[in-house]
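Asker: Take a look at the following structure, please.
The values are calculated or read from the model by the stated rules, or taken from the named source; none is laboratory data. As the structure is a computational prediction, the values presented were derived from the model and not from experiment. Glycine gets a Cβ as well: all are built from the backbone with ideal geometry, and neighbour counts include every protein chain shown. Only protein heavy atoms, including side chains, enter the accessible area calculation; ligands, DNA and RNA are left aside. Shrake-Rupley method; radii C 1.70, N 1.55, O 1.52, S 1.80 Å.
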Amino acid sequence: MRHVPETGRSLAVLDASRIVANLRTLFDGHRLSPSQRRIARYLLDNAQEAVFFTSADLAERVGVSQPSVTRFAAALGFRGFPEFREALRTSVFGDRRPAATGDRYNEIQELVNSEIRDLERLRDGLADSGQLRRVAGHLARSSPLLVMGLRISAPLAHLFGYLAEKVLPDVRVLDAPGSILEDRLSRAAESGAEWVLAIGLPRYPRELEQGLVWARRVRLKVALVTDQPVGRLTDLADEVLLAPVSSGFAFDSHAGPTVLCTALLHTMLDTLAAEGQARLEAFDDRAAERQVFLTG
C-alpha cells in the first residue's frame with residue numbers, strides 16, 4: 001500500500017467544498033475530451049489523495065492510458081504533468097475562496113435562476129437512476145442505434161449522435177421527415193436495429209408522431225426524451241425520459257433535455273464498460289495523431 005505523508009493525512013480537516021471550488025476553477029474554460037473529463041471527475045472526488053500521484057498512478061486509478069493523463073495536463077495549459085500536479089497541490093492546500101455573488105439579480109439573471117430550478121427538478125427526478133440505466137442498456141445494445149429529432153429537436157439529436165458514435169460502431173441520426181424517414185427506419189430495422197431514441201421538444205412536429213407510428217410498425221422500440229409526461233408522443237413510446245424545457249426566454253431553452261441526454265450518454269458508457277472506454281481511448285489517440293483539435 002502506498003505510504004501517504006503525514007501532511008496528506010492532515011488534509012482531512014480542510015474545507016472540502018473549497019477544494020472542489022478551486023479545482024473547478026482550474027478546469028473551467030477548457031474543452032476536455034470524454035477521457036479527460038473522466039480524469040477531472042476523479043480528481044474532484046479524490047483530490048486529497050491525487051496530489052501525491054505520478055501520472056502513471058493517476059492513469060491506473062482512472063483506467064486510462066498514461067498519454068491520456070499527459071494530454072489532460074496539456075489541455076489545461078501546463079507544460080507537463082509535474083507542473084499540473086503543482087497547481088493541483090495549490091488548489092488543495094491553498095485558501096482562495098470564490099467571490100461571493102450578490103443577492104440582487106437583473107431580469108436575465110432571474111431567467112437563468114429559473115433555468116437552474118428546472119435543472120434542480122431534473123436532478124431530483126434522477127434520484128432513482130433505475131430507468132436511466134435500463135434505457136442506456138437498451139440503447140447501447142442496439143446496432144445500429146437510431147436517434148430521431150425533427151425541426152427544433154434536430155440539433156440535440158445530432159449532438160447525441162455525434163457523441164454516441166465515439167463509443168458505438170453504428171449510429172444513425174434521422175432528421176428528415178416523411179417517406180425518407182420511413183425508408184431509413186425500415187432499413188435500420190432490417191439491419192438489426194432494436195431501439196430508436198426520439199427527441200420530442202415543443203413545438204412538437206406532426207411528422208415526429210408519424211415517424212414514431214412507423215417505427216412501431218417496423219417493430220422498433222422507442223425511448224422518448226420529452227418535457228411532458230402525457231401526450232400523443234408518449235403514447236407511442238416504450239420508455240419516456242422527462243426533462244423540463246424553460247420557456248422564460250424569447251426562445252425555449254433546452255438546457256434540461258441536453259443535460260438529460262448527456263447523462264444518458266454517460267450511463268451508456270458505464271454500460272459498455274471496458275469496450276466503450278477502449279473506443280474512447282482509440283478516438284483520442286487518432287485525434288492527437290492527426291492534430292484534429294487546437295491545443296492552445
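Asker: Can you tell me which residue is farthest from the chain's Cα centre (by Cα) among those in region 232-261 that are more than 16 Å from Met148 (Cβ to Cβ) and among the small types (Gly, Ala, Ser)?
Answerer: Only one residue tops the list, namely Ala250.
Asker: Shifting gears a bit: State whether one or more residues within region 273-286 are part of a strand (DSSP E or B), open to solvent by less than 60 Å² (accessible area, probe 1.4 Å) and not hydrophobic (A, V, I, L, M, F, W, C). Break it down stepwise before answering.
Answerer: Of all residues in region 273-286, those part of a strand (DSSP E or B) come to none.
For region 273-286, residues part of a strand (DSSP E or B), open to solvent by less than 60 Å² (accessible area, probe 1.4 Å) and not hydrophobic (A, V, I, L, M, F, W, C): absent.
Asker: Another question, then. Identify all residues within region 275-296 that are in contact (Cβ under 8 Å) with a residue 60 or more places away in the chain, under 21 Å from Pro169 (Cα atoms) and not acidic (Asp, Glu); write none if there are none.
Answerer: Gly276, Gln277, Arg279, Leu280, Phe283, Ala287, Ala288
Asker: Considering only region 63-89, state which residues are among the β-branched types (Val, Ile, Thr) and either within 13 Å of Thr295 (Cα to Cα) or in contact with a strand residue (DSSP E or B) (Cβ under 6 Å, 6 or more places away or on another chain) (or both). It would help to see each step written out before you state the result.
Answerer: From region 63-89, those among the β-branched types (Val, Ile, Thr) are 64, 69-70; that's our starting set.
Passing the criteria: only Thr70.
Asker: Just a yes or no: is a residue in region 165-172 open to solvent by 30 Å² or more (accessible area, probe 1.4 Å), free of Cβ contacts under 8 Å to residues at least 24 places away in the same chain and assigned to a loop (DSSP other than H, G, I, E, B)?
Answerer: Scanning region 165-172 turns up at least one residue that is open to solvent by 30 Å² or more (accessible area, probe 1.4 Å), free of Cβ contacts under 8 Å to residues at least 24 places away in the same chain and assigned to a loop (DSSP other than H, G, I, E, B).
Asker: Among the charged types (D, E, K, R), under 27 Å from Phe251 (Cα atoms) and touching a helix residue (DSSP H, G or I) at 6+ places or on another chain (Cβ under 8 Å), is that true of Asp175? Spell out the reasoning first.
Answerer: Details: among the charged types (D, E, K, R): yes; under 27 Å from Phe251 (Cα atoms): yes; touching a helix residue (DSSP H, G or I) at 6+ places or on another chain (Cβ under 8 Å): yes.
Considered against the rule, which asks whether it is among the charged types (D, E, K, R), under 27 Å from Phe251 (Cα atoms) and touching a helix residue (DSSP H, G or I) at 6+ places or on another chain (Cβ under 8 Å), Asp175 comes out as yes.
Asker: Can you tell me which residue among Val171, Val222 is within 18 Å of the chain's Cα centre (by Cα) and under 25 Å from Thr271 (Cβ atoms)?
Answerer: Details: Val222 fails: within 18 Å of the chain's Cα centre (by Cα).
Of Val171, Val222, the one residue that is within 18 Å of the chain's Cα centre (by Cα) and under 25 Å from Thr271 (Cβ atoms) is Val171.
Asker: Is it the case that Val147 is touching a Lys or Arg at 6+ places or on another chain (Cβ under 8 Å), open to solvent by less than 50 Å² (accessible area, probe 1.4 Å) and assigned to a loop (DSSP other than H, G, I, E, B)?
Answerer: No; evaluated as a whole, the condition is false for this residue.
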